[in-house]
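Below is one structure, written out as structure tokens, with a few remarks after it.
The values are calculated or read from the model by the stated rules, or taken from the named source; none is laboratory data. Not measured: the values here are computed from a predicted model. Side chains included, ligands, DNA and RNA excluded: accessible areas come from the protein's heavy atoms. Shrake-Rupley method; radii C 1.70, N 1.55, O 1.52, S 1.80 Å.
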Amino acid sequence: MEPPPSSLLSRFGRSTPISRREFVAAVGGVGGASLFGPSVDASESEANDLRVRVYPGPVPPTAWPRHGVDGMSDDWPIPFRDAFAAVEDAMGQIQAYAADRSLVSDSTTASEPELTVRVERGPPVRFPLLSVSQPTDLAFPSLPTVLDAFRDQLRDHDALGGPTCHLLLCWSPFNYQVGYGGTISPNDLIGSVGSDTDADDPDAVDGAQTVANVGATEVWDSRAVSRNIAIHEVLHTFLSPDIVAEVGDTRCDHNLGTATRTGPEGRTLRVSPMATAYAGPDELGGGTRFHGTGCYNHDEFANHDGYEADGTDPAVDHFEYTTDLSEATLEAAAEYLARVRS
């Protein structure tokens, strides 16, 4: 099979696209329904602030009983809220690290911080194919198709602009084309400039769009994996390859993650967000139920203690997932924040 064009390369993996025309037809004809639901005002923020704006996608009725109806009225089920809180915590870690190294000011110690990392709730979105809950129902939209449609709607609602990561939380446990999620160049970094040929200002910063398939992690893995994947997909948007190479001597940002043995006899492997889906063996059930399809090299990880018995250590029999970012991830992200701010 011919690989897709390089412009469709995601650092999480590759997907085979279907056209937006096919997508629109599938969701209700040429005039298809808007991606956005009722408007919800996000937090006020300054133009130079870094923002991570999180948008909840639709959750099928069959998924609500498992997690309770709390949050149904505003489209924020508990798994989405936990993912949001995890992203909020991760952004706090990065800002504290940057402030400690005088890269940016910390709002807790400076009356006029140079940069504030804001994590905001965006309006609910309506994306019918993302809520398909059976593999035989309909053809699934590819990751490029999902991200293109998401970006189109953000543009239509004047939501693009400034150093912002737009994160779509979707519930699509059987959509193998989206997988656990991902982001795609040229809109894969918060400092990405306008990529549309008809843009009034081609040098304007449009930010990044990314997707985290919380439905997949909830159905096939665990809440801990859901938290880490949400963080993971956001982190992709401010880990530029050149800074990753400077910090980790690798252009693959997954290698900034860690996999550390812990527990009795070291039989548990504790995995940080950027290593999630990449720390175990490349096989079904290798840590996460499905292994990531993007770049990785365990020998180039910031730290990887191994998972096989080697004569001194026993084989790992349990994987756990921590939201604590690795030192390498913090350094690379903080450096990128400083670049964007300047």
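Worth pointing out:
- Solvent-accessible surface of protein heavy atoms, probed at 1.4 angstrom with all chains present, puts 192, 185, 102, 342 in the order 342, 102, 185, 192, largest first.
- Residues with amide H under 5 Å from that of residue 193, placed H, sequence gap 5 or more: 206
- Protein-only accessible surface at a 1.4 angstrom probe places the residues 176, 307 in the order 176, 307, largest first.
- Scalar couplings 3J(HN,Hα) for region 170-185, obtained by applying the Karplus form with A = 6.51, B = -1.76, C = 1.60 to θ = phi - 60°, are 10, 10, 9, x, 10, 7, 5, 6, 7, x, 7, x, x, 9, 9, 5 Hz; x denotes Gly and Pro.
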